[in-house]
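Accompanying notes for the structure given below.
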Amino acid sequence: MKKKEMKLFYKTNAEDSAYGWENQSLPIGNGFMGANVFGIVEKERIQITENSLVNSYATGGLNNFAEIYFHFPHKDVVEYERGLILDTATAYVKYNHNDVEYRREYFASYPDRVLVIRFTASKKGKLSFDVKPHIPFIKDYAITPGDGGGKTGKIQVKEETLILKGELCLYHVLFEGQIKILFTDGEIHYHKDAISVKDGSEAVLLFTLGTNYKLSPKVFLEDDPNKKLEYKDPHPTVSGYMEQASKLSYKKLRTRHLEDYSSLFNRVSLSLNGEDTSEMPTDELLKEYHDHSMLYLESLYFQYGRYLLIASSRKGGLPANLQGIWNCHDASPWGSGYWHNINVQMNYWPSFNTNLIELFEPYVEFFKAILPKAQQYADEYIRNHNPENMDKPGKNGWTIGTASYPYTISAPGGHSGPGTGGLTSQLFWDYYDYTRDNKILENITYPALKGMAEFLTKTVKEYDGKYLTAFSASPEQMLNGLFVRGGSYYHTVGCAFDQQMILQNSINFLKAAKKLGKDEEEFAQFQAKLIDKYDPVQIGWSGQIKEYREENFYGEVGEIHHRHISHLIGLYPGNIINSNTEAWLDAAKTTLDLRGDESTGWALAHRMNARARTKEGNKCHKLLRELLINRTMDNLWDTHPPFQIDGNFGATAAIAEMLVQSHEKYVHILPALPDEWERGSFKGLTARGGFVIDVDWENHKAVKIEVYSKAGELLNLRCEGIGKAKITTTNIVQILDEDHLSIPTRAGGRYQFFICGKKSYPLKPFSISSTGNKLFWSGEKNIKYNVYRAIESQTNYTKIASELEICEFEDTIDFTGYDTITYRVTAYKNGVESEGICLTKNHATKLQKDIYINQLRGRNQI
Ligand code: FUC
């Protein structure tokens, strides 16, 4: 049976307005340009974006490249539908007018660098239309008169081609777009700035574009906006693209597009409870989803995230920005920048675990281009903040602040601490870890990690034997959560964000050094000596991971429901908080509970990834529901608000993270499966070590796993019941325990595991409390309990009671000497242990508690 197409579709057109663009229009793209299709019958609108057409942030950032309008003499149509087919990356519109079936088709080809548009009518002579492009926002100033901005533009027909040409003045970005009719059986009329086609039945049009932008270190090092780019007319290059594409037939263009696109998109499939299709238009599906989970929408949303990354990030183009490669505005939100205090990194998380590794390359190229400037910033930063650690210029590593664009980057400061660049060096570590490609390790990963280590270790000062970052800031948190314009960002010493980032980078750096045999070098030895001094996780009086060292109860400093969860960066995207640091992992769960599940789009996506890592499948799914219900528009774009694409990408990565994890020393199958995903299958998700994983599951348990090994690494596989699996391999398998085995693989080898049997877990205890040294909890009948204890910020628990038959326990420890003690109680039956319930004890007096509660009330935070 032919597989049903995965598509977004609608029975009405997108509104011709900024609202319609953002909420309803459908995005296509090829990494060089983005296009939004409105599907309007009489006056079709295709809005075009190109990511180098940028002003400074103050003058608006990314600018709208062009609007292409198609006028059709059609009114009162029936059987209207528009949509976007994910399997072929094709947007379409279809309707019937006076018994003629009309169809429009749009795709953006990466191999041929053109937007291909095809219109057909089911009867001869019935297709007539005009094409009239428009260059928006032409004016002699940009946002503020006299600010040096401004835009010129002209449209004319030359040599049977519609040419749109102009300049975005601030950086002298010269732009050109060309529209050409590749084929029609109708009559063509060329006008001054428009083309008409009359009485045909088919027409194929091509659109291509270019600017004089060239990604290079010079663009970032040069401060003079007039000198960033060479003043070189893009006309010959753009004409070259058009000429090449025009040599091909529509059929050939389509085949080449499909070959390219499917080689990426088809690598992964996902099916949840067999809900693989829906007859319901996407906007209705989204509404219906409010009442109950429609799992097809969840897998559609997942695949849409992969689709959007393929459309917005291809080798040779700029990376995907805050809005991917789509913008209709004069002044785009946050200038459509590359925001480095999590957003741009989030864009690339799915390139690793959803089998789209090559889509990360534009960011690698961007990084190479910004590096010399980032090195200058590191020199300046250390000179200003930590002069005692200043090395020779060029020897202080590299650093980057939050905002950056294709023309400028910023230094850290303001609302985000120096750890910000660590989010990028983590990407580079993952880039290697997923591929295990030594060239990547040597040329990209190692130098990036080393430079970040050089910088970060200079930002610390010694305080009582600990090495703490000074100054330090947890991204975008404000003192007591009160935003005061002009800046009241909270600056401190050694906040969790910076401490976790520095440790995470050092760990990754030392692993990279070891792989390359450089771990004996002086610098690696120096890093190794510091590694125990960063104190990355401190447990507070509420059992939370403290965001700030000076906080006792959760949220004493900063906004308690802040969208950023920067103190959990070591949980995700890092891995220093993991299942081998059980007490920290529990504290991370508590922190997520306290931070709350309501937030902006991308922030929900980060929470989802974090909940996947704490293995809380149901809580993760609840966040996915929140994202789809409250932060997703009809075109399935994520909204902050406004539209920000990082939420799409972050959630796509998180869905994969619910199904496969590999940040510890093994590949973990179905680590955070929610109850609602009772059965299903996926193919092609990727794991660290160069593995590609397919899984079928039933009744919440994996029944079949197939692993393809790309790099020939040792496979450590964790999955419930895998120890007794039937394995189709002649290799030596080492069973480590009933849920864990290890097997050497060869590059190109495939390994299958068939699992049967199901463990039944006792119910986790509930309602834990304490009086003095006594703990009390509730639980099921005829069950035993284990009790564990972690003192202050210990990574792990010590078991202090086993197989208790009653629901209470008295500890003998003298609590007076400790700041906090966390207890964990689990239920235990037939050798199987449940999840734990935790309680953290502290010394707070009633007065201290009251002050804390009043403080939160005063700040309207409870
Ligand atoms: C980060 C976030 C904001 C916004 C901006 C683009 O700074 O804190 O919420 O998403 O990026």
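Considering only protein heavy atoms and a probe of 1.4 Å, how much of the accessible area of the chain is carbon and sulfur, as a whole percent? Walk me through the intermediate numbers first.
Working: 15880 of 32660 Å².
That share works out to 49 percent.
Report, in deg cm²/dmol and to the nearest 500, the calculated mean residue ellipticity at 222 nm for the chain, where each DSSP H run with n ≥ 4 adds -39500 (n - 2.57) and the sum is divided by the residue count. All intermediate terms of the calculation are to be shown ahead of the outcome.
Numbers: 17 runs with 225 residues, N = 862.
Taking each H run of at least 4 residues, the total per residue is -8500 deg cm²/dmol.
I'd like the distance separating the alpha-carbon centroids of segment 45-83 and segment 342-358, in whole Å.
First find each Cα centre; the distance between them is then 27 Å.
What is the sum of charges around Q477, taking Lys and Arg as +1, Asp and Glu as -1, for the other residues whose C-beta is under 9 Å from the C-beta of Q477? List each step's numbers first, then the result.
On the way: positive: none; negative: E476, E547, E559.
Result for the local shell: -3.
Quick one: Cα centre-to-centre distance for segment 183-233 and segment 789-810, in angstrom?
68 Å
Would you mind checking which residues have amide H under 5 Å from N55's amide H? H placed 1.01 Å from N; only 5 or more apart, or other chain.
Amide H to amide H, under 5 Å and 5 or more residues apart or across chains, N55 pairs with G61, L62, N63.
Of the peptides 813-820, 247-254, 195-202, how do they stack up when ordered by the mean number of other Cβ atoms within 10 Å, highest first? Can you show the working numbers first?
Values: 813-820: 12.4, 247-254: 14.9, 195-202: 17.9.
Output ranking for 813-820, 247-254, 195-202: 195-202, 247-254, 813-820.
Please quote Rg/Rh for the chain to two decimal places, taking the Kirkwood radius as Rh and restricting both calculations to Cα atoms. Walk me through the numbers before you get to the answer.
Details: Rg = 28.4 Å, Rh = 28.8 Å.
With Rg and the Kirkwood Rh in hand, the quotient comes to 0.99.
What is segment 691-830's relative contact order, in percent, from Cα pairs under 8 angstrom and six or more apart in sequence?
Values: 280 pairs, mean separation 26.8, N = 140.
19 percent.
Taking a quarter of the surface of the Cα convex hull of segment 133-284, what do you get in nm²? List each step's numbers first, then the result.
Details: hull surface 61.0 nm².
About 15.2 nm², averaged over all directions.
How are the Cα pair distances of segment 81-205 distributed, in percent, across 5 Å bins from 0?
2, 10, 15, 16, 16, 15, 11, 8, 5, 2, 1, 0
Could you compute how fast segment 276-331 diffuses translationally, taking Rh as the Kirkwood radius over C-alpha pairs and applying Stokes-Einstein at 10 °C with viscosity 1.306 mPa s? Give it in µm² per second.
Values: Rh = 13.4 Å.
D, rounded to a whole number, is 118 µm²/s.
Using only Cα atoms, what is the ratio of the radius of gyration of segment 527-591 to 2.2 N^0.38 Å?
Values: Rg = 12.1 Å, N = 65, 2.2 N^0.38 = 10.7 Å.
Its radius of gyration relative to the 2.2 N^0.38 Å reference: 1.12.
Output the direction-averaged projected area (hull surface divided by four) of the convex hull of the alpha-carbon atoms of segment 428-532, in nm².
Numbers: hull surface 32.4 nm².
Averaged projected area of segment 428-532's Cα convex hull equals 8.1 nm².
How big, in percent, is the set of alpha carbon pairs in segment 817-862 lying more than 12 Å apart? Walk me through the numbers on the way to the answer.
Numbers: 756 of 1035 pairs.
Looking at segment 817-862, the distances longer than 12 Å represent 73 percent of pairs.
What percent of all Cα-Cα pairs in segment 762-859 falls into each 5 Å bin, going from 0 up to the bin containing the maximum distance?
Result, from short to long distances: 3, 12, 22, 20, 16, 12, 8, 5, 2, 0, 0 percent.
Tell me, what is the Rg over Rh of segment 712-753, with Rh the Kirkwood radius over Cα pairs? Mind dumping the intermediate values first?
On the way: Rg = 9.6 Å, Rh = 10.3 Å.
Taking Rh as the inverse mean 1/r over Cα pairs, Rg/Rh reads 0.93.
If we count every other residue with Cβ under 9 angstrom of I755's Cβ, Lys/Arg +1 and Asp/Glu -1, where does the sum land? Don't skip to the answer; put the middle values down first.
Details: positive: K701, K704, K724, K726; negative: E720.
Result for the local shell: +3.
Would you list which lysines come within 23 Å of K75, measuring only between C-alpha atoms, while excluding same-chain residues fewer than 8 positions from it?
K11, K43, K94, K123, K124, K126, K132, K198
Report the per residue volume, in Å³, of the convex hull enclosing the C-alpha atoms of segment 92-165. Provide the component values of the computation, followed by the final result.
Details: hull volume 12.8 nm³, N = 74.
About 173 Å³ per residue, rounded to a whole number.
What is the helix-to-structure angle for 617-630, meaning the angle in degrees between its Cα long axis and the longest Cα principal axis of the chain, kept from 0 to 90 and rounded to the nearest 10?
With rounding to tens, the tilt is 40 degrees.
Under 5 Å between amide H atoms, partner at least 5 residues away or on a different chain: which partners does D87 have, H built in plane at 1.01 Å?
M6
Using a Cα-Cα cut-off of under 18 Å, which lysines could be cross-linked to K799, ignoring same-chain neighbours fewer than 8 residues away?
Result set, ordered by chain and number: K764, K774, K784, K829, K841.
Leaving out ligands and nucleic acids, and using a 1.4 Å probe, what accessible area per residue does the chain come to in Å²?
Values: 32660 Å² over 862 residues.
Accessible area per residue, the chain: 38 Å².
For the peptides 628-634, 346-352, 445-451, what is the packing order when you average, over each peptide's residues, the other Cβ atoms within 10 Å and list the highest mean first?
On the way: 628-634: 19.1, 346-352: 27.7, 445-451: 23.9.
In descending order of packing, they fall as 346-352, 445-451, 628-634.
Count charges around V204 for me, please; just the other residues with Cβ under 12 Å from its Cβ, Lys/Arg as +1, Asp/Glu as -1. Mind showing how you got there, number by number?
Numbers: positive: R104, R118, K180, K251, K252, R254; negative: E105, D185, E202.
Taking every Cβ under 12 Å from that of V204, the sum is +3.
How do the peptides 514-523, 551-560 rank, highest first, by the average count of neighbouring beta carbon atoms within 10 Å per residue?
Values: 514-523: 12.6, 551-560: 21.2.
The most tightly packed comes first, giving 551-560, 514-523.
Taking the alpha-carbon centroid of each part, what is the distance from segment 456-479 to segment 387-428 in angstrom?
That distance is 14 Å.
Would you work out the charge dipole size for the chain about its Cα centre, treating the Cβ of every Lys and Arg as +1 and the Cβ of every Asp and Glu as -1, and quote it to the nearest 20 debye?
Details: 99 positive and 108 negative charges, 263 e Å.
Magnitude of the dipole: close to 1260 debye.
The values are calculated or read from the model by the stated rules, or taken from the named source; none is laboratory data. Everything numeric in this text was worked out from a predicted model, so none of it was measured. Glycine also receives a Cβ, built like all others from the backbone with ideal geometry; neighbour counts cover every protein chain displayed. Just the protein is used for accessible areas: all its heavy atoms, side chains included, with ligands, DNA and RNA removed. Shrake-Rupley method; radii C 1.70, N 1.55, O 1.52, S 1.80 Å.
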